[in-house]
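The values are calculated or read from the model by the stated rules, or taken from the named source; none is laboratory data. The structure presented is a predicted model; accordingly, all values stated were derived computationally and were not measured. Reconstructed Cβ throughout: ideal geometry from the backbone, glycine too, with neighbour counts over all protein chains shown. Note: accessible area is taken over every heavy atom of the protein model, side chains too, but ligands, DNA and RNA are not part of it. Shrake-Rupley method; radii C 1.70, N 1.55, O 1.52, S 1.80 Å.
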Amino acid sequence: MSGSGLIDVIVNGAPKSLPAGTTVAALLIELGLGEKRVAVERNREVIPRAQHATTQLATGDRLELVTFVGGG
Amino acid sequence: MSTNDTWTLGKHTLTSRIIVGTGKYASLDETRAALAASGAEIVTVALRRVDLSSKEPTVLDAIDRKKYVLLPNTAGCYTADDAIRTLHLARELGMDELVKLEVIGDPKTLFPDNTATVEAAKRLVKEGFQVLPYCSDDLITCKRLEEAGCLAVMPLAAPIGSGLGIRNPHNIRLIIENVGIPVIVDAGVGTASDAAIAMELGCTAVLMNTGIAGAKHPVLMAEAMRLACDAGRKAFRAGRMPRKDYANASSPTAGLIE
């Protein structure tokens, strides 16, 4: 499905519906993470920040959005 | 004797002998104050999913990147693949090549899976990472990690978060004497004397988290740990007196009044 309708993806373990054609960059902005330091993995592959704006998501994509937390 | 006593880890020249974790503090203010009091130049962080339900500041807001080198860890990883995957994400977050590798073998003890750690270390070194592996206080494992190209080895003193101190100082000493890379005791330090003992044994540095964050007054303990690491290091460099079984008077035996 592309160009219209919705796609279903999993973001940090939770299902989410997005407009078809949504890019990684657009998803981060929608989640309020546009300015944050976040690393993105799609289907176990890191999407480098430079490709966020050009990487379109597809139905079934599993995304991990990660950052640093306190740890030892 | 020279007063200059720096050491190097990759491209970093370091004065401090303490590396501290950033977990388990009551607040980011306490984190910030404890890091400052510890004198650490390297601090560890973990990688986790972004909390999409919270807009609160994160640990990165508490760490001044100009003052501290961030050392991402692979805490919670049980396979070499998971650890490597985690460090790829850390690299994407803008870290340099320095990483703390831990591959856990068992949830109850958090003891490392040394075999998987060596395997992961080999692969990470090939990818250009500078690897600091958490491992058992086992000389042969440490030798294998050195051969794999690790920058240092980080044997545990006792289980992570246990505060039990240096359970086997003899093993730590054998590791120090038989590997050619820095030995950093990682895990198990519970109080200042534990850190001092590690340094007196000849460790290059000590890595701790709960020993500070779990104290009643973490910021004060951070300072105590800094002083202990310094004291232990100075005692090591000074070279302790030989142990003797019997007394040896400090005052002259001649010239006693009669």
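Of all residues in the range A:62-69, none are basic (Lys, Arg) and either within 11 Å of chain B (Cβ to nearest Cβ) or crowded, with 17+ Cβ neighbours inside 10 Å (or both).
Each row is one residue, and each column tells you yes or no for (1) at pLDDT below 95; (2) open to solvent by 10 Å² or more (accessible area, probe 1.4 Å); (3) in contact with a Ser or Thr (Cβ under 8 Å, 6 or more places away or on another chain); (4) within 24 Å of B:Arg240 (Cβ to Cβ).
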site: B:Arg144; (1), (2), (3), (4): no, yes, no, no
site: B:Gly149; (1), (2), (3), (4): no, yes, no, no
site: B:Asn168; (1), (2), (3), (4): no, yes, no, yes
site: B:Arg173; (1), (2), (3), (4): no, yes, no, yes
site: B:Ile184; (1), (2), (3), (4): no, no, yes, yes
site: B:Thr191; (1), (2), (3), (4): no, yes, no, yes
site: B:Asp194; (1), (2), (3), (4): no, yes, no, yes
site: B:Met199; (1), (2), (3), (4): no, no, no, yes
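The residues in the range B:151-166 that are surrounded by fewer than 19 Cβ atoms within 10 Å (Cβ to Cβ) and hydrophobic (A, V, I, L, M, F, W, C) can be counted, and the count is 1.
Can you name the residue in the range B:53-63 that is more than 9 Å from chain A (Cβ to nearest Cβ) and open to solvent by 50 Å² or more (accessible area, probe 1.4 Å) and is also nearest to A:Ile10 (Cα to Cα) among such residues? Restricting to residues being more than 9 Å from chain A (Cβ to nearest Cβ) and open to solvent by 50 Å² or more (accessible area, probe 1.4 Å), the top hit is B:Ser53. Residues that are open to solvent by 10 Å² or more (accessible area, probe 1.4 Å), within 11 Å of chain A (Cβ to nearest Cβ) and assigned to a loop (DSSP other than H, G, I, E, B) within the range B:64-101 comprise B:Arg65, B:Ala75, B:Gly76, B:Gly94, B:Met95, listed in sequence order. Looking at the range B:235-250, can you tell me whether even one residue there is touching a residue at least 60 places away in the same chain (Cβ under 8 Å) and among the acidic types (Asp, Glu)? The answer is no, given that none of the residues of the range B:235-250 is touching a residue at least 60 places away in the same chain (Cβ under 8 Å) and among the acidic types (Asp, Glu). Evaluation of A:Ala39 against the conditions (1) open to solvent by less than 10 Å² (accessible area, probe 1.4 Å); (2) at pLDDT below 95 shows that the sole unmet condition is (2). Within the range B:132-162, being touching a strand residue (DSSP E or B) at 6+ places or on another chain (Cβ under 6 Å), part of a loop (DSSP other than H, G, I, E, B) and over 12 Å from B:Asn114 (Cβ atoms) holds for B:Cys150, B:Leu151, B:Ala152, B:Ala157. Yes or no: A:Lys16 under 12 Å from the mean Cα position of the chain (by Cα) and open to solvent by 50 Å² or more (accessible area, probe 1.4 Å)? Here the answer is yes, as A:Lys16 does meet what is asked.
Listed here are the residues, each with its yes/no results for (1) among the β-branched types (Val, Ile, Thr); (2) part of a helix (DSSP H, G or I).
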{"site": "B:Gly165", "(1), (2)": "no, no"}
{"site": "B:Arg173", "(1), (2)": "no, yes"}
{"site": "B:Ile184", "(1), (2)": "yes, no"}
{"site": "B:Val206", "(1), (2)": "yes, no"}
{"site": "B:Lys234", "(1), (2)": "no, yes"}
{"site": "B:Arg243", "(1), (2)": "no, no"}
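Could you list, in sequence order, all residues of the range B:1-52 that are of a type in the set (Lys, Arg) and either within 17 Å of B:Tyr68 (Cβ to Cβ) or open to solvent by less than 20 Å² (accessible area, probe 1.4 Å) (or both)?
Taking the range B:1-52 first, the residues of a type in the set (Lys, Arg) are B:11, B:17, B:24, B:32, B:48-49.
Listed by number, the residues that qualify are B:Lys11, B:Arg17, B:Arg32.
Taken together, B:Ala228, B:Ala120, B:Ala224 contain a single residue that is open to solvent by 20 Å² or more (accessible area, probe 1.4 Å), hydrophobic (A, V, I, L, M, F, W, C), touching a helix residue (DSSP H, G or I) at 6+ places or on another chain (Cβ under 7 Å) and not in a loop (DSSP other than H, G, I, E, B), which is B:Ala224.
Considering the range A:24-34, the residues that are surrounded by fewer than 17 Cβ atoms within 10 Å (Cβ to Cβ) and more than 12 Å from every other protein chain (Cβ to nearest Cβ) include one that is modelled with the highest pLDDT, namely A:Ile29.
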